Structures are given as C-alpha cells and as structure tokens.
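A short worksheet on the structure shown next.
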Amino acid sequence: MAAVRLQAVPGLPEIVPGTPLGEEIAAAGQAAGVSIDDRSVVVVSQKVVSKAEGRTRALSGIEPGAHALDLGATLGKDPRLVELIVAESRHIVRAERGVLICETHSGLICANAGIDASNVPGADRVTLLPIDPDHSARRLRAEIRAAAGVGPAVVIADSFGRPWRHGQADVAIGCAGLRPLDDCAGVATARGARWRRPPSRSPTSSPPRPTWCATRPPASRSSSRAASSAS
C-alpha cells in the first residue's frame, strides 16, 4: 500500500546570508536520523531560502518615491514597504482596504509581492521572495547531493492567502527534481468523459490582462519553508 510520510528535520541553525542551506539540511537530517534519499521530497520554507540568498532589506535604508508615498497614505502602509512592494512587482493587481495584491516578476499572485517581516531578525527588516525560485530549488538539490550523495526532489513553499478563504495555504513557488504538473489530456473521468487540452495559443502571445489590473508606473528598483519548516 502506497503511503506518504511527513517528517520534520530539527536542529537547523538561524540562517544568514551565505549559509549553504542544502548542506545544513543534509547535516541536520543525518544528525536527527531522518532518512533523505533519491525518493524523498524536501520541502523548504521560502523564508530560509531568502535569508540564505541575502534577499533581506532594512526599511531604514529605503527612500520611498512619490507613488509609494501616495499608495502608503491611501492604504495606511509604511511607504518604505510600499516602495519595496512596487519594485518587486510586475504590476499591481489590486490596491484597496489596506491590501496590495501584486503579480511578482516571477509571475506569482500574492499579497505584498511576498514581502514579509515575520521571523526576520531586526526591528525593520523584511525578506523578499527569491528572484528565481526554480533556480533556488535546483541549487539546494545540488548542495544536498554534494553533501549527502543523494538527489531528493526539492520544493520551495510559501504561505499565501487565497481569495474568499480564511487563513493561509502553502503554495509551491519553486521546485526541482519532480514534475509539478500532470497532463490529464485523454484521461477518462468516472463518467467516461475525457479531459481535453484547451485551444493552443501562439507562443508569442500572452493572456489578456484583466481590465482591473493596474500597471505600475516606472519606478527605480535600486530601493529596491528534509520536510522541514525553519526560520
């Protein structure tokens, strides 16, 4: 009988910029007697990935522009934080009732472009999402392979709110060593119907942007969770 077992890996240290996170995960797993092999899937918190990659910022060093000042005043948000959010966003999807819903440069739709101040040392420091979460997952997988001699799949996960839902859900924002999507085209349903692919679209075309998406104005970017969740 097939089964899935979830096991946390204790003993990871506080992660700082430059920490070889994959090596730390492999060492902590070995020390705790947690078996990691080629069939494992190591799920890593986005927060520690961002910390290891130096994707942290101090708000004290951010100079908000006019757009951030205006949005901050409208939404009741720190304009320095808004400046970072705008810089990390391809465009702003919605800005109302104190909430900024953004599409990040990597295509994720989330609040505040994924910028978060929880579990970050320092009173005014925040973490940004990894620039390329799939690349981060590939790097972690390579580090684990080099340290432990095995190549588990790696998933980088972050907690997102979802529309019309209370609480948070974990979302895989990057992965390596596994196929993230199943192609069900041609597979029969319980009632005998078969799944079909949607009509193809030109590779050069892009999906239409909803009319309520507000493109952000030009802005300087200079201001710019093995199965373990650690901070």
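The values are calculated or read from the model by the stated rules, or taken from the named source; none is laboratory data. For clarity, every value in this text was computed on a predicted model and none was experimentally measured. FYI the Cβ positions are ideal-geometry reconstructions off the backbone, even for glycines, and counts take in every protein chain you see.
Odds and ends about this structure:
- Contact map, the range 124-135: first residue within 13 Å of K51 (Cα to Cα), second residue among the basic types (K, R) and part of a loop (DSSP other than H, G, I, E, B), Cβ cut-off under 9 Å, separation 6 or more or different chains; pairs are T127/R55; L128/R55; L129/R55; P130/R55; I131/R55.
- With respect to the stated conditions, S223 is in contact with an Asp or Glu (Cβ under 7 Å, 6 or more places away or on another chain), at pLDDT below 85, surrounded by 10 or more Cβ atoms within 10 Å (Cβ to Cβ) and assigned to a loop (DSSP other than H, G, I, E, B).
- Of all residues in the range 14-41, those being closer than 15 Å to P152 by Cβ and loosely packed, with under 11 Cβ neighbours inside 10 Å number 2.
- Strands (runs of 3 or more DSSP E) fully within the range 61-146 counting 1 or more residues that are under 30 Å from V42 (Cβ atoms) and of a type in the set (D, E): 99-104
- Only a single item in (1) modelled with pLDDT under 95; (2) more than 30 Å from A148 (Cα to Cα) is not met by I85, and it is number (1).
- Top-ranked residue in the range 23-79 [being out of contact with any helix residue (DSSP H, G or I) (no Cβ under 9 Å at 6 or more places or on another chain) and of a type in the set (K, R); ranked as nearest to G174 (Cα to Cα)]: K47
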